[in-house]
Amino acid sequence: MYAEWVDLTRGRVQLPSQAIQDRFGARYVISDLLHQDFIRQAAADPAMQEVYRDIGSVVYRINP
């Protein structure tokens, strides 16, 4: 699971919502803003909705 998490955080997974929900069982994701490759993939994923952002972090909800 660690290797999958690394791939997600480095933006190597298109449509990260599927992997996050199916493999990790999560409906919310918290990330720091340093993971720009992940943030780009999340922004392009129609199932991921940004619900919060501050100067250091972002939170996404995975919609069904």
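The values are calculated or read from the model by the stated rules, or taken from the named source; none is laboratory data. Note that the coordinates shown come from a computational prediction; the quantities given were computed from them, not determined experimentally. FYI the Cβ positions are ideal-geometry reconstructions off the backbone, even for glycines, and counts take in every protein chain you see. Ligands, DNA and RNA are excluded from the accessible area calculation, which covers all protein heavy atoms including side chains. Shrake-Rupley method; radii C 1.70, N 1.55, O 1.52, S 1.80 Å.
The figure for TYR52 is an accessible area of roughly 120 square angstrom, using a 1.4 Å probe on the protein chains alone.
The length gained on full extension between ARG53 and GLU4, counted as 0.36 nm times the residue separation minus their Cα-Cα distance, comes to 15.2 nm.
Taking other residues whose beta carbon is less than 15 angstrom from the beta carbon of GLU50, and scoring Lys, Arg as +1 and Asp, Glu as -1, yields +1.
Shown for the chain: the carbon plus sulfur share of the solvent-accessible area, taken with all protein chains present and a 1.4 angstrom probe, equals 54%. Rolling a 1.4 Å probe across the protein heavy atoms gives the chain an accessible surface of 67 Å² per residue. All distinct Cα pairs of the chain go into the 1/r average, and the inverse of that average, the Kirkwood radius, is 11.5 Å.
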